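Down below is the structure, laid out as structure tokens.
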Amino acid sequence: MGHSQNKHSLIEPLPLPEADHYVLAFSGGSDSTALLHYLVNDTHIKNKLSAIHVNHQVHPDARHWAKECQSSCQEFDVPCTIKAIKTAQTDENSLRINRYKAFSQHIESLSGRVILLTAHHLNDDVETLVFRLIRGTGLAGLTGMTDTGSYQGVQTFRPLINTPKTLIRQYLNEHSLSWIDDDSNLNTDYDRNYIRHKIIPRLEQLRPDAVERIKDSRDNLSASLDLLNQLIGHSNPLPLNPHLSVQQLATTLYHWLARRQLQRPHKEHLLSFCQACLDANADKLPQLKTDHLILTTWQQAIYALNPQLLTINTQQSHKLLIQSDTFHWHHELGHLSIRAKQVMDIELTVRFGTLGEKIQQVGRKHRNKVKEVLRQKSIPPWQRKRLPYVFHHNKLMAVGSIISHEWQQYLSNYEAEYDWQSTDFIL
């Protein structure tokens, strides 16, 4: 990041990604004040820079703080938006959720690419790591915050994430900057404040460079996680390695879901599902259902499926009257289309969830059970029950994209093409 008078500044934030607007989340505290002061000295950045201050209306001085933030931004000639919000609950998580809702609403009013800048620094990240460590976490939890992120649809960037608090304090003194002190940050009844004021100082007494060394551990763990993600892969389905132990498969599956940004089931449920996967015979399909996904195995692979599509009532019947050379029918389970070189006049009936039917495929002499045809064509089990059975005068013409001998002859007479594309059930 370029700058002018701060060329030899104590803090060196990460270079900002390209954007049309940079919106600084400005609390008026020491960290966001230091970052604001730094940013305004880069002309290219300042021309795109604005600030937003969220007044939670919780602290008695909240209104005064909002005015102070407005005044500070005016001093630096940076536009500042004040958003007052009211929340029923005032715990840290509820305030954060509502704060980001305010950020999101403000950002939606801006055009082009907008990035929210936050003043999270290295000590914040170390506090997060310690907080997660004592609560119990995995590898991903110990990699801390990244410089880029997204929360409630808001793209964020943390320029100071590798900058220790000591340098921010020195920077503030160096430039004689004043800031707002929130006395609630001193209340050690809150876990994060206790870590900040009690645990981190003790670690620094033990080793003065404790924060930097924890950063090294964070970076090493992050590199290991990156490698693990590369080895696991991203594609859905996940190949099922039968030689893994239950714990190894559960760990693999956990990181695979995390990489795909899908909800991870409870540890015990995940272990139970993995045990079933490794023990199951070829004709068994173990499943794990949550509100957000369905995990199932098929042909030595684990699939993450959309539960909304799998709960659609398949006891449906639809009449399709075709009186044109082009016909399209959109259904929640797929899309049916017919294109002909002359006008067709035919009525079709589409049913789902039909059982016991037989079909004579093109080029075959005999009719075969649809169930066997779908199995032979390796149609996934969850899709078989959700394919349209297309009838004309109660004769089965097609099942999904599989057409009958009669239907092929009919289409040939009209020089027509028939197609069915199933909805993608895979997340």
If unit charges are put on Cβ atoms (+1 for Lys and Arg, -1 for Asp and Glu) and the dipole of the range 93-217 is taken about its Cα centre, the option from LEU160, SER150, ALA102 lying farthest towards the positive end turns out to be SER150
For LYS101, the accessible surface traced by a 1.4 Å probe with all protein chains present amounts, in square angstrom to the nearest 10, to 100 Å²
Taking r as the C-beta separation of GLN299 and ASP419 and R0 as 22 Å, the FRET efficiency to the nearest 0.05 is 0.30
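Past 29 Å, Cα to Cα: identify those pairs from LYS319/LYS341; LYS319/LYS369; LYS284/LYS365; LYS48/LYS101; LYS86/LYS198; LYS215/LYS289, in the order given.
LYS284/LYS365; LYS86/LYS198; LYS215/LYS289
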Total charge of the residues flanking ARG207 in space, meaning their Cβ is under 15 Å from its Cβ, with Lys and Arg +1 and Asp and Glu -1, is -1
Quick calc, the range 306-427, dipole around Cα centre from Cβ unit charges on Lys, Arg (+) and Asp, Glu (-), nearest 20 debye, gives 680 debye
Once Lys and Arg are counted +1 and Asp and Glu -1 for all other residues with Cβ under 14 Å from that of ALA340, the total becomes -3
Expressed in square angstrom to the nearest 10, the accessible area of THR311 with a 1.4 Å probe stands at 110 Å²
Which residues qualify? For HIS331, with a placed amide H closer than 5 Å and at least 5 residues away or on another chain, they are LEU336
Applied in sequence order to the range 143-155, the curve 6.51 cos²θ - 1.76 cosθ + 1.60 (Karplus, θ = phi - 60°) yields integer Hz couplings, x standing for Gly and Pro, of 8, x, 8, 9, 5, 10, x, 8, 9, 6, x, 9, 6
Among the range 157-173, those whose backbone N falls under 19 Å of a label point 7 Å along Cα→Cβ from GLU204 are 160-173
So, with points 7 Å from each Cα along the Cβ direction, the ASN241-GLN409 label distance in nm works out to 5.4 nm
Residues whose built amide H sits under 5 Å from the amide H of ILE180, excluding neighbours closer than 5 in sequence, are GLY29, SER30
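With runs of 4+ DSSP H residues as the only contributors, calculate the mean residue ellipticity of the chain at 222 nm using -39,500 (n - 2.57) per run, divided by the residue total and rounded to the nearest 500.
Here the helix-only value at 222 nm equals -10500 deg cm²/dmol.
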Unpartnered Cys in the chain, judged by a 4.7 Å Cβ-Cβ cut-off, are CYS69, CYS274, CYS277
Labelled set [x] 34, 25, 19; [y] 58, 28, 18; [z] 59, 33, 17; semi-axes √(5λ) of the Cα gyration tensor in Å computed from this model equals the value at [y]
One finds the C-alpha centres of the range 385-400 and the range 194-233 to be spaced, in Å, by 60 Å
Here the percent of antiparallel bridges among DSSP beta bridges lying wholly in the chain, to the nearest 5, is 75 percent
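What is the magnitude of the charge dipole of the range 1-139 about its Cα centre, with +1 placed on the Cβ of each Lys and Arg, -1 on the Cβ of each Asp and Glu, and no other charges, expressed in debye to the nearest 20?
Working: 13 positive and 15 negative charges, 77 e Å.
It works out to roughly 380 debye.
If you add up the charges near VAL154, with Lys and Arg at +1 and Asp and Glu at -1, over every other residue whose beta carbon is less than 12 angstrom from its beta carbon, what do you get?
Net charge in that neighbourhood comes out at +2.
Magnitude of the Cβ-charge dipole of the chain, K/R +1 and D/E -1, about the Cα centre, nearest 20 debye?
Rounded to the nearest 20 debye, it is 1740 debye.
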Contour minus Cα-Cα span, HIS366 to SER109, at 0.36 nm per residue, comes to 86.1 nm
With every protein chain kept in place and a 1.4 Å probe, the chain has an accessible area per residue in Å² of 55 Å²
Of the residues PRO265, LEU411, ALA223, the Cα lying farthest along the dipole of the chain towards its positive end, which is defined by charges on the beta carbon of Lys, Arg, Asp and Glu, belongs to LEU411
Distance in Å, no decimals, from the C-alpha centre of the range 131-177 to the one of the range 20-80 is 18 Å
From highest to lowest solvent-accessible area (probe 1.4 Å; ligands, DNA and RNA excluded), ASP325, ASP424 read ASP424, ASP325
Among HIS255, TRP179, ASN241, the residue whose Cα sits farthest towards the positive end of the charge dipole of the range 175-261 (+1 at Cβ of Lys and Arg, -1 at Cβ of Asp and Glu, taken about the Cα centre) is ASN241
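The values are calculated or read from the model by the stated rules, or taken from the named source; none is laboratory data. Treat the numbers as computed from the prediction; the structure is a model and nothing was measured. Methodologically, a virtual Cβ is constructed for each residue, glycine included, from the backbone with ideal geometry; neighbour enumeration extends over all protein chains shown. All accessible areas refer to the heavy atoms of the entire protein, side chains included, with ligands and DNA or RNA removed. Shrake-Rupley method; radii C 1.70, N 1.55, O 1.52, S 1.80 Å.
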